[in-house]
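Visitor: Take this structure, written in structure tokens, and hold onto it; I'll ask about it next.
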Amino acid sequence: METIIKGGNLMLFIDSKSIPLATSHTLTINAETSDVSNKDISNGAWRAEEVSQFSWEATTDNLYSRNGVGTLFDAMINRTPINAIFAEKTESDSAALPANGSWTPNTGTVLPASYYTGKVVITSLQVTAQNGENATFSATFTGYGELKHYTGEYEPEPEPGEEAVTETGNP
């Protein structure tokens with residue numbers, strides 16, 4: 001039987017650290033298509049599409065904190081791709097934030113895992129400060145290259161000349 005995962009346990013991690021005070025995370029995977037309609041497909045009466053390219057992005061919505069926004073701002077201004085992991089947190093049975101101040105991604109070291117990982121660039125950072133409300137911020141992370149899906153135990157990217165890690169879910 002499949003296990004239902006609570007939204008509070010599924011998180012976006014940047015450089016293996018949780019983003020402080022998150023209220024929501026989203027992972028979106030898109031496929032761009034090319035028109036391959038022709039007379040051989042339903043006498044040309046129906047359009048036919050072929051997947052030509054993939055793209056992906058992740059978003060986060062958070063309560064505002066100086067460290068959360070500052071760290072992401074610095075990464076955005078540096079224009080350097082950073083590592084992102086969309087996974088369950090390892091501490092899924094705990095409601096209290098770990099002593100180190102950050103949740104950790106479950107990449108198979110504690111429990112069986114299914115997670116997505118890849119490099120991202122920060123393409124949007126928005127702070128909202130509405131009168132009488134908690135300040136919030138949101139960020140959009142656009143995929144820089146391939147998004148990989150792993151199941152089981154985590155293994156880092158192989159060095160050139162080493163054997164590749166087995167992946168699932170990729171074409």
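Visitor: Where a Cα-Cα gap under 25 Å defines reach, which lysines qualify for Lys17, not counting those fewer than 8 residues away within the same chain?
Guide: Lys6, Lys89, Lys119, Lys148
Visitor: So which trypsin sites (Lys or Arg not before Pro) in the stretch 1-85 end up in coil per DSSP with only 15 or fewer other C-beta atoms within 10 Å?
Guide: Lys6, Lys39, Arg47, Arg79
Visitor: While we're looking at this one, here's another question. Hey, got the dipole for the stretch 2-151? About the Cα centre, +1 on K and R Cβ, -1 on D and E Cβ, debye to the nearest 20?
Guide: 320
Visitor: Here's something else I'd like to know. What does the extension gain come out to for Ser102 and Glu2, with contour length at 0.36 nm per residue minus their alpha carbon separation?
Guide: Here the answer is 33.2 nm.
Here, each number is a calculation from the coordinates, and none is a lab measurement. Just so we're clear, the structure is a prediction, and the values are computed from it rather than from any experiment. A quick note on method: Cβ atoms are made from the backbone with ideal geometry, for glycine too, and the neighbour counts reach across all protein chains shown.
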